[in-house]
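All remarks here apply to the structure that follows.
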Amino acid sequence: MYNFEYQKPAALADAIAALGQDDAKALAGGMTLIPVLKQRLNQPSVVVDLSKLGLSGITVTGDTVTIGAMTTHATVARSAEIQRAIPALAALAGGIGDNQVRARGTIGGSLANNDPSACYPSAALALGATITTNKRSIPADQYFTGMFSTALDEGEVITAVSFPIPAKAAYVKFKQPASRYAMVGVFVAKGPAGVRVAVTGSGQSGVFRFTAAEQALAANWSADALAGATVAADDMMSDIHGSAVYRAHLVGVVTKRAVLAAG
């Protein structure tokens, strides 16, 4: 690691001010930032720890589940409220990484980092979530702008994420066995905004909506309806774990499994 100043403010305004310094980086759970620092791939002058800002917690009101940005994956997975309201979201959180990652990683950190193989972006996009920051509220359809890229401005901090409660939903992922990241992960939802299907782990530009599947499922919610729904291999990632053609095939397979799981 390189030398840096460490700050742990107790108020959001102080955290925002600290992040306004040159090369400052926010620290949520640290599941990405700490390895990056250890590998000397980033050289921030200041690391701003967000853990004392009171940004954790879960609230269910009416037809919405709101989760504080610093809420850990383990807390989401164990939440009885989320298990009742959106069981697919609790199951997704329970399948992220391993026990250590789930105990430290946070929903806000995952969405801010927007790793192309992360699970939470598919839930946010499929459920039509709203990402709330210290400045504004951003609909999920406008939030994800590319691989490791979001609509967040410099120094902008996610404070909470709100999910409309769907009539039915499920998340299924085909895991890379060593990292447990999604080679392909599909979140399907049928809710207030209609049928939405979001895919993570495979797209060259990160998470994306599988519109052909959405149209097929809107007409007939069944795995059989997906027979003609495909994605182009040209749009898929290719690496040592799987070719673009393989991932394009997996998207169709995993989407069918997600629809069956949703019931």
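Out of everything in the range 175-211 that is small (G, A, S) and more than 21 Å from I86 (Cβ to Cβ), what residue ends up being surrounded by the most Cβ atoms within 10 Å (Cβ to Cβ)? Can you show your working first?
Just the residues of the range 175-211 that are small (G, A, S), to begin with: 178-179, 182, 185, 189, 191, 193-194, 198, 201-203, 205-206.
Still in the running and more than 21 Å from I86 (Cβ to Cβ): 178-179, 202-203, 205-206.
On the way: A178: 7, S179: 13, S202: 30, G203: 21, S205: 13, G206: 24.
Applying the filter and picking the extreme gives S202.
Being among the hydrophobic types (A, V, I, L, M, F, W, C) and in a loop (DSSP other than H, G, I, E, B) is the filter; apply it to the range 222-254 and report the residue that is farthest from G201 (Cα to Cα). Quick ask: steps written out before the conclusion?
Start the filter on the range 222-254 by keeping residues that are among the hydrophobic types (A, V, I, L, M, F, W, C), which leaves 223, 225-227, 229, 231-233, 236-237, 240, 244-245, 248, 250-251, 253-254.
So of that shortlist, the ones also in a loop (DSSP other than H, G, I, E, B) come out as 227, 229, 231-232, 237, 240.
On the way: A227: 22, A229: 18, V231: 14, A232: 15, M237: 8, I240: 14 Å.
Checking each candidate, the answer is A227.
When you go through I96, I67 one by one, which is the residue that is touching a His at 6+ places or on another chain (Cβ under 6 Å), of a type in the set (A, V, I, L, M) and surrounded by 14 or more Cβ atoms within 10 Å (Cβ to Cβ)? Give the derivation first.
Numbers: I67 fails: touching a His at 6+ places or on another chain (Cβ under 6 Å).
So the residue among I96, I67 that is touching a His at 6+ places or on another chain (Cβ under 6 Å), of a type in the set (A, V, I, L, M) and surrounded by 14 or more Cβ atoms within 10 Å (Cβ to Cβ) is I96.
Residues in the range 177-190: is at least one of a type in the set (A, V, I, L, M, F, W, C), out of contact with any strand residue (DSSP E or B) (no Cβ under 9 Å at 6 or more places or on another chain) and closer than 18 Å to T106 by Cβ?
Of all residues in the range 177-190, those of a type in the set (A, V, I, L, M, F, W, C) come to 178, 182-184, 186-189.
Still in the running and out of contact with any strand residue (DSSP E or B) (no Cβ under 9 Å at 6 or more places or on another chain): 178.
Next, only the ones that are closer than 18 Å to T106 by Cβ stay: none.
No, the conditions are met nowhere in the range 177-190.
If I go through the range 43-56 residue by residue, how many of them are part of a loop (DSSP other than H, G, I, E, B), within 27 Å of V76 (Cβ to Cβ) and touching a strand residue (DSSP E or B) at 6+ places or on another chain (Cβ under 7 Å)?
Residues in the range 43-56 being part of a loop (DSSP other than H, G, I, E, B), within 27 Å of V76 (Cβ to Cβ) and touching a strand residue (DSSP E or B) at 6+ places or on another chain (Cβ under 7 Å): 3 in total.
Does A262 count as among the small types (G, A, S) and modelled with pLDDT of 95 or more? Break it down stepwise before answering.
Numbers: among the small types (G, A, S): yes; modelled with pLDDT of 95 or more: yes.
Answer is yes for this residue.
Does M236 qualify as being among the aliphatic types (A, V, I, L, M) and surrounded by fewer than 22 Cβ atoms within 10 Å (Cβ to Cβ)? Break it down into steps so the answer makes sense when it comes.
Numbers: among the aliphatic types (A, V, I, L, M): yes; surrounded by fewer than 22 Cβ atoms within 10 Å (Cβ to Cβ): no.
It is false that M236 is among the aliphatic types (A, V, I, L, M) and surrounded by fewer than 22 Cβ atoms within 10 Å (Cβ to Cβ).
Looking only at the range 134-170, filter to residues that are among the hydroxyl-bearing types (S, T, Y) and surrounded by fewer than 21 Cβ atoms within 10 Å (Cβ to Cβ); which one of those is farthest from the chain's Cα centre (by Cα)? Write out each step before concluding.
Here is the first cut: in the range 134-170, the residues among the hydroxyl-bearing types (S, T, Y) are 137, 143, 145, 149-150, 159, 162.
Those still in the list that are surrounded by fewer than 21 Cβ atoms within 10 Å (Cβ to Cβ) too: 137, 145, 149-150, 159, 162.
Working: S137: 16, T145: 13, S149: 12, T150: 12, T159: 15, S162: 13 Å.
Top of the filtered list is S137.
Are any of the residues in the range 212-221 outside any helix (DSSP H, G or I) and either hydroxyl-bearing (S, T, Y) or within 15 Å of the chain's Cα centre (by Cα) (or both)? Show your work before the answer.
Keep residues of the range 212-221 that are outside any helix (DSSP H, G or I), which gives 220-221.
Pick out the ones that are also either hydroxyl-bearing (S, T, Y) or within 15 Å of the chain's Cα centre (by Cα) (or both) and you get none.
Taking every residue of the range 212-221 in turn, none turns out to be outside any helix (DSSP H, G or I) and either hydroxyl-bearing (S, T, Y) or within 15 Å of the chain's Cα centre (by Cα) (or both).
For the range 2-41, give me the residue count where each residue is buried (at least 16 other Cβ atoms within 10 Å of the Cβ), assigned to a loop (DSSP other than H, G, I, E, B) and of a type outside the set (A, V, I, L, M).
5
Does the range 11-18 contain any residue that is assigned by TED's automatic domain parsing to the domain that holds A112, in contact with a Ser or Thr (Cβ under 9 Å, 6 or more places away or on another chain) and within 16 Å of T132 (Cα to Cα)?
Keep residues of the range 11-18 that are assigned by TED's automatic domain parsing to the domain that holds A112, which gives none.
Within the range 11-18, not a single residue is assigned by TED's automatic domain parsing to the domain that holds A112, in contact with a Ser or Thr (Cβ under 9 Å, 6 or more places away or on another chain) and within 16 Å of T132 (Cα to Cα).
Among the residues of the range 163-181, write down those that are part of a loop (DSSP other than H, G, I, E, B) and touching a helix residue (DSSP H, G or I) at 6+ places or on another chain (Cβ under 9 Å). Lay out the reasoning, then the answer.
At the first step, the residues of the range 163-181 found to be part of a loop (DSSP other than H, G, I, E, B) are 165-167, 176-181.
Within the range 163-181, I165, P166, R180 qualify.
The values are calculated or read from the model by the stated rules, or taken from the named source; none is laboratory data. What you see is a predicted model; the values in this text were computed from it and never measured. We place every Cβ from the backbone using ideal geometry, glycine too, and count neighbours over all the protein chains shown.
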